[in-house]
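The values are calculated or read from the model by the stated rules, or taken from the named source; none is laboratory data. All figures in this text were calculated on a predicted structure; none of them were measured in a lab. So basically every Cβ, Gly included, is an ideal-geometry build from the backbone, and we count neighbours across all protein chains shown. For accessibility, only protein heavy atoms count, side chains too; no ligands or nucleic acids. Shrake-Rupley method; radii C 1.70, N 1.55, O 1.52, S 1.80 Å.
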Amino acid sequence: MPHDTIFLKIVRGEIPADVVYRDELVTAFRDRHPQAPVHVLIVPNHVIPTAADVTADDEAALGRLFVAARAVAEQEGIAEDGYRLIVNCKGHGGQEVDHLHLHLLGGEPLGPMRARRG
Ligand code: DGP
């Protein structure tokens, strides 16, 4: 089933994850391969495959991703020092899981947004 993603199974509680925030629109859980001291993924509770698939119907959930990111950042104690929010899209963006998700990274200085070319 194209719309049955690993993240949807986490949203439904069908597979284990370290869930740090949950409401009626979004769920946040720790990334299983953390790239920073704090690395949380925040996902809509319904599947939007990529950022290239968003529609007006998704606006409430997409807005909630940011509201939840703020709450999780405060909960994790990284709000004051700052953090990075990332959405990867499709192949060139490095997206691995086709269920749109916001990466919340922090807990140390994260350096430049990407390695410089050449
Ligand atoms: P992206 O490349 O933006 O699609 O990031 C996908 C992230 O999802 C990657 O950092 C690893 C994480 N991930 C993949 N599968 C699972 C899983 O089953 N559980 C958890 N907690 N994280 C996962």
Per-pair calculated FRET efficiency, R0 = 35 Å: residue 116 and residue 15 via Cβ, rounded to 0.05: 0.40
Computed Kirkwood radius, in angstrom, where 1/r is averaged over Cα pairs of region 18-101: 13.3 Å
FRET efficiency for residue 57 and residue 22, using Cβ-Cβ distance with R0 set to 25 Å, rounded to 0.05: 0.75
Surface accessible to a 1.4 Å probe, per residue, for the residues of the chain, Å²: 63 Å²
Region 6-98: trypsin sites (Lys or Arg not before Pro) falling in loop per DSSP and having at most 12 other Cβ within 10 Å: 12, 32
Percent carbon-and-sulfur accessible area, the chain, ignoring ligands, DNA and RNA, probe 1.4 Å: 51 percent
